[in-house]
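Everything on this sheet refers to the single structure shown next.
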Amino acid sequence: MNRRRLGKSGLVVSEICMGTMTFGEQADESMAHRIMDMAYDRGVDFLDAAEMYPVPPSAEKFGVTEEFVGRWLKGKPRDSVILASKITGPGHGWFRPPVRHGMTAIDAHQIRRALDDSLRRLQTDYLDLYQIHWPDHGMPYEEVMGALAEEKKRGRIRVFGCSNETSWGLMKSLWAADKHQLPRFESVQNNFSLINRRCENELAQVCRREQVSLLPYSPLGGGVLSGKYNAGSFPAGARFSDYLQKGMERQKKMARRFVNDRTLMATARIMEIAAEAGISPVTLAVAWSKQHDFVASTIIGVSHIDQLEDCLKAADVILDDAVMEKLEALEVEIPNPMTEDGLRKL
């Protein structure tokens, strides 16, 4: 398993990161531990959690994922794992989180409280990476960065990053950090896949020139790139099947962004390209993600251990020029298959 530096920090992480948002919803604790064990044994030393997990979030299960990870972590040397988590974003916009009564503005008070609770659930006294789950553009960035810097001084955070952030927001945060002589965001965790390549536009330029690492999540397009939705029906137990059948309206809209005629057309072509290359579409999608120079680690997520092998195989795959050219041609043929990624509404 190759490793890359996270931003300008001292953290060096495996090129594949184990995401955990299914733990506690689609995967019970026993399965979650088996998944983490297999990833760890194969060289994955980077775990990504969030106080809001599992997804979809609920008041009943809020924080359960961190508890699963914490109990698993007790059986491993703490320094052998790069552990990341996230504070829930503001609740006065598109979504009211089921935590702290929805009062989740990103200020010093909320950061302190959220970090206290995450450290308790994770059974550790520090996080290697602490991230803002989605931005609070109503808060001055110098206040956000200052509050995080205080926790860094206390030794409870090694470095911090952002998630679901715009190019403007990331640059604004870097400007605020420079102006006020504060530690900066070392990473940005955004949706990035073969059906959502928007990060290659403005955000990639920010990451390259400012040496901020992208941590792509959903490299399989929420499972779409596995081909499981291309059979003409929604398989039982799949996340977007559940969202469309029993989800809230926000979840139904998300499912339709990921699963539509254009994403399924693109997936069909990607499956053909993968077959020609002699690998699964899952392996191809993860390998493509980690092959970008501005990416430090690609976050994978599974609900069952049987889904993990094809993701981990990507660690040893470098796509050749012929495959990359086919994928570039596909992007010209079917540009931006996902209708939008939500950032335009921030």
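Worth pointing out:
- Selection status of PHE95, of a type in the set (Phe, Trp, Tyr) and modelled with pLDDT under 95: yes
- Screening segment 9-67 for residues that are farther than 17 Å from ILE300 by Cβ, out of contact with any Lys or Arg (no Cβ under 8 Å at 6 or more places or on another chain) and of a type in the set (Ser, Thr, Tyr) and picking the one that is modelled with the highest pLDDT gives SER30.
- Members of segment 165-181 found to be more than 23 Å from the chain's Cα centre (by Cα) and either among the charged types (D, E, K, R) or modelled with pLDDT under 95 (or both), listed by number: ASP178, LYS179
- ALA39 being small (Gly, Ala, Ser), within 24 Å of ALA314 (Cβ to Cβ), surrounded by 18 or more Cβ atoms within 10 Å (Cβ to Cβ) and without any contact (Cβ under 8 Å) to a residue 60 or more places away in the chain: no
- Restricting attention to segment 78-90, the residues being surrounded by fewer than 21 Cβ atoms within 10 Å (Cβ to Cβ) and assigned to a loop (DSSP other than H, G, I, E, B) number 1.
- Close pairs (8 angstrom Cβ cut-off, 6 or more residues apart or separate chains): at positive phi in segment 134-155, surrounded by fewer than 22 Cβ atoms within 10 Å (Cβ to Cβ) and acidic (Asp, Glu) anywhere: GLY155/ASP125
- Close pairs (7 angstrom Cβ cut-off, 6 or more residues apart or separate chains): over 26 Å from MET254 (Cα atoms) and in contact (Cβ under 8 Å) with a residue 40 or more places away in the chain in segment 199-223, charged (D, E, K, R) and outside any loop (DSSP other than H, G, I, E, B) anywhere: VAL212/GLU186
- Of everything in segment 162-195 that is small (Gly, Ala, Ser) and in contact (Cβ under 8 Å) with a residue 60 or more places away in the chain, the residue that is nearest to GLN110 (Cα to Cα) is SER163.
- In summary, strands (runs of 3 or more DSSP E) completely within segment 91-203 and bearing 2 or more residues that are within 30 Å of MET265 (Cα to Cα) occur at 185-189.
- Residue in segment 238-258 that is outside any helix (DSSP H, G or I), free of Cβ contacts under 8 Å to residues at least 12 places away in the same chain, among the small types (Gly, Ala, Ser) and on the phi < 0 side of the Ramachandran plot present: no
- The condition of being in a helix (DSSP H, G or I), among the β-branched types (Val, Ile, Thr) and surrounded by fewer than 17 Cβ atoms within 10 Å (Cβ to Cβ) holds for only one of VAL282, VAL332, VAL286, that being VAL332.
- Test: residue in segment 127-142 that is crowded, with 16+ Cβ neighbours inside 10 Å, farther than 25 Å from GLU15 by Cβ and either of a type in the set (S, T, N, Q) or in contact with a Phe, Trp or Tyr (Cβ under 8 Å, 6 or more places away or on another chain) (or both): yes
- Set side by side, the residues VAL302, VAL295, VAL317, VAL323 differ, and just one is farther than 15 Å from ILE195 by Cβ and in contact with a strand residue (DSSP E or B) (Cβ under 6 Å, 6 or more places away or on another chain), which is VAL295.
- For segment 302-329, taking the residues that are under 14 Å from MET38 (Cα atoms) and not aliphatic (A, V, I, L, M), the one that is surrounded by the most Cβ atoms within 10 Å (Cβ to Cβ) is identified as CYS311.
- Criterion: in contact with a strand residue (DSSP E or B) (Cβ under 8 Å, 6 or more places away or on another chain), touching a residue at least 60 places away in the same chain (Cβ under 8 Å) and not polar (S, T, N, Q) - qualifying residue of ALA32, ALA50: ALA50
- Within the option set SER280, SER233, being among the small types (Gly, Ala, Ser) and touching a residue at least 24 places away in the same chain (Cβ under 8 Å) holds for one residue only, SER280.
The values are calculated or read from the model by the stated rules, or taken from the named source; none is laboratory data. It should be emphasised that the depicted structure is a prediction, and the values quoted were computed from it without experimental measurement. When we count neighbours, we look across all protein chains shown, and the Cβ atoms used for this are built from the backbone with ideal geometry, even at glycine.
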